[in-house]
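Below is one structure, written out as structure tokens; comments come after it.
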Amino acid sequence: MTPEEICKLLKSEYGEAITEAVVEGGHPYAQVTSEKWPEVAAFLRDDPRVAFNFLRSITSMDFPDDGKIACIYDMNHIPLDSPTELITETYEFAVRVVTERDNPVLPSIAHVWPTANWHEREAYDLMGIDFTGHPDLRRILCPDDWEGHPLRKDYEQPLEYQGIPGTTEYGLTNPRH
């Protein structure tokens with residue numbers, strides 16, 4: 001199924017919940033409102049016309065000038081019936097869901113694709129996105145007492161953490177990379 005066909009299908013099923021469709025370029029996607037995202041995710045997994053049975057990744061992006069944070073959900077349809085179909089019948093697509101940067105909240109889709117559990121925890125830890133309904137939302141990479149979210153564009157690396165230097169560059173007093 002082509003990105004154009006997927007966007008057309010989503011628009012016909014969900015109308016105004018699809019706020020943008022980008023089919024040009026190397027990473028086609030549809031932007032979905034956060035309120036409808038769990039419903040759209042279940043549709044993308046269960047509807048036989050698309051059958052996205054594999055959530056490959058969730059990437060978060062920081063847009064401080066716009067006051068927004070976005071999550072991009074990359075999905076694949078991988079045929080499971082016949083190994084010979086794998087090369088010709090595999091296709092991919094992405095969905096973007098945007099939230100406010102000051103209070104980033106998105107609904108969890110860990111109940112739709114179990115692999116979202118880990119990816120949402122990573123976005124929570126590194127970007128500060130609260131995924132409502134997540135079964136175990138806690139830091140996954142940083143220690144529990146870590147302050148801030150290291151992948152935000154305005155994050156300032158601490159000079160030290162519990163006696164461990166925050167930089168290895170000699171004499172660097174403001175470790176921005």
Q. Restricting attention to the range 89-102, which residues are in a loop (DSSP other than H, G, I, E, B), in contact with a strand residue (DSSP E or B) (Cβ under 8 Å, 6 or more places away or on another chain) and over 20 Å from GLY26 (Cβ atoms)?
A. ARG101
Q: Give me a count of the residues in the range 42-53 that are outside any helix (DSSP H, G or I), touching a residue at least 40 places away in the same chain (Cβ under 8 Å) and not charged (D, E, K, R).
A: 2
Q) Take the residues of the range 16-41 that are surrounded by fewer than 16 Cβ atoms within 10 Å (Cβ to Cβ) and farther than 25 Å from GLY133 by Cα: which is nearest to the chain's Cα centre (by Cα)? A) HIS27
Q: Of the conditions (1) at pLDDT 95 or above; (2) surrounded by 18 or more Cβ atoms within 10 Å (Cβ to Cβ), ASP130 clears all except one; give me its number.
A: (2)
Q. Any idea which of GLU39, GLU13, GLU5, GLU20 is part of a strand (DSSP E or B), at pLDDT 95 or above and acidic (Asp, Glu)?
A. GLU20
Q) Going by the structure shown, is VAL50 exposed (fewer than 15 other Cβ atoms within 10 Å of the Cβ) and aliphatic (A, V, I, L, M)? A) no
Q) With respect to the numbered conditions (1) assigned to a loop (DSSP other than H, G, I, E, B); (2) without any contact (Cβ under 8 Å) to a residue 40 or more places away in the chain, which one is the sole condition not fulfilled by ALA70? A) (1)
Q: Determine which single condition GLU100 fails, assuming it passes every other condition in (1) crowded, with 19+ Cβ neighbours inside 10 Å; (2) within 20 Å of ILE18 (Cα to Cα); (3) under 16 Å from the mean Cα position of the chain (by Cα).
A: (1)
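The values are calculated or read from the model by the stated rules, or taken from the named source; none is laboratory data. Bear in mind the structure is a predicted one, so any value in this text is a computation, not a measurement. FYI the Cβ positions are ideal-geometry reconstructions off the backbone, even for glycines, and counts take in every protein chain you see.
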